[in-house]
Amino acid sequence: MKTYTEYLWFNTPTRIEFINITPQVEEAVRKSGVKEGICLVNTMHITSSVFINDDEPGLHEDFKEWLEKLAPYGRSYRHNLSGEDNGDSHLKRTIMGREVVVAITNGRLDLGPWEQIFYGEFDGKRRKRVLIKIIGE
Amino acid sequence: MKTYTEYLWFNTPTRIEFINITPQVEEAVRKSGVKEGICLVNTMHITSSVFINDDEPGLHEDFKEWLEKLAPYGRSYRHNLSGEDNGDSHLKRTIMGREVVVAITNGRLDLGPWEQIFYGEFDGKRRKRVLIKIIGE
Amino acid sequence: MKTYTEYLWFNTPTRIEFINITPQVEEAVRKSGVKEGICLVNTMHITSSVFINDDEPGLHEDFKEWLEKLAPYGRSYRHNLSGEDNGDSHLKRTIMGREVVVAITNGRLDLGPWEQIFYGEFDGKRRKRVLIKIIGE
């Protein structure tokens, strides 16, 4: 059995941003040497996400508008009484999810035709980390 | 260590549909020979889901009505400017989730009393795939 | 390869409640002897969640208020025609998620600085179970 661990760092210039990290995850799979197994990719922060969807700019704008409607910025969140202004970010990230688990088959990420892995930032301009953990053989 | 991979195909007659796939996943676990491990079940498409909940028809209607309210069909999604009409499907699937990870204990899916695994289609009438990946021993 | 299975039981005094179960999961990792691998933590019930977020009481109140808005109690859910009053609980749990998968690195849960694992109950006053499954080496 093999395992492999890698951390990716992000510091986005804007508060909300989606970054396609599929190439970095593919590269981690290659480096791991795992041919059959699974790959966990998760944000290590509670105001960001890792999710899978289409790499289509219009859709990404739809996501941002929709999340703003479901969990608007600046409403009077109790969390913001702690000195933060990111109550909404915790809720937005909850909708988008913390992690994805992807199969590795024949040494490659076993993704569908349009599946791409994204880091979703909802409280940017800070250093954040994503964890890639691969297990298999 | 053992690994096992299987793909299930779907082509639903309606746009939105939930299909109980627990029997197929149980059968994959049996075929894998894995007694202790984990089973990943994910859709390979970005307008459908794999999720776990109750196999109760009233609840499924509630889910559909609720998702329609949270992400209505036919609103002016930017994604639809690309020629698609499934902007809502991407959002609905985000609420319901892409994947489930289920423990395998004593050679069986270690599910709670009411847990059933569903394929959730939000943009049907097309061929779509679900991936089952099992690792363990 | 090692595997380890443990079940945690809950019976909350209130209908909706969040319980930090990170110490129990850390202890399970220690007992498993796994140094590198992954840890699945999932509720075995369809009206509760396991999720990761911040252990900040104001945020937890924000989550409860937000979920009540997205999926209010006591609306006329079709599911409630089956004699239940927990239609909303199934929807709330869907937003919060069924499971988390956490990496194990150097024998510890590889969590970010603020990540804590919670059991989220949305239909309490009943005995419920959480499953911890660890695989690795």
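Every read-out reported here was derived from the displayed coordinates using simple, explicitly stated rules and does not represent laboratory data. Treat the numbers as computed from the prediction; the structure is a model and nothing was measured. Backbone-built Cβ (ideal geometry, glycine too); neighbour counts: all protein chains shown.
Normalised by the number of residues in chain B, the mean separation of alpha-carbon contacts (under 8 Å, six or more apart) gives a relative contact order of 53 percent.
Our note on the geometry: Cα centres of region B:118-137 and region A:59-103, 27 Å apart. Loop-located trypsin sites (Lys or Arg not before Pro) in region C:59-137 (DSSP state not H, G, I, E or B) with no more than 10 neighbouring Cβ atoms inside 10 Å: C:ARG127. Of B:LEU109, B:LEU81, B:LEU40, the residue with the greatest mean-square motion in the GNM of chain B, using alpha carbon springs below 10 Å, is B:LEU81. Please build a GNM for chain B, connecting alpha carbons under 10 Å apart, and tell me which residue among B:PRO113, B:PRO57, B:PRO13 fluctuates the most. In this elastic network of chain B, the residue with the biggest mean-square fluctuation among B:PRO113, B:PRO57, B:PRO13 is B:PRO113. Counting lysine pairs in chain A whose alpha carbons fall under 12 angstrom apart, excluding pairs fewer than 8 residues apart on the same chain, gives 6. About the centre of its Cα atoms, chain C shows a dipole size close to 620 debye [charges on the beta carbon of Lys, Arg (+1) and Asp, Glu (-1) only; nearest 20 debye].
Can you list the distances in nanometres, one decimal and ascending, from the B:GLU26 label point to the identical position in each other copy, with the point 7 Å along Cα to Cβ? Computed spacing set for this position: 3.9, 3.9 nm. Per-residue ellipticity at 222 nm computed for chain A from its helices equals -8000 deg cm²/dmol, with DSSP H segments shorter than 4 residues left out and the rest contributing -39,500 (n - 2.57).
Shortest first, C:PRO13 label-point distances to identical copies amount to 5.3, 5.4 nm, with the label point at 7 Å from Cα along Cα→Cβ.
Shortest first, B:GLY107 label-point distances to identical copies amount to 3.5, 3.5 nm, with the label point at 7 Å from Cα along Cα→Cβ.
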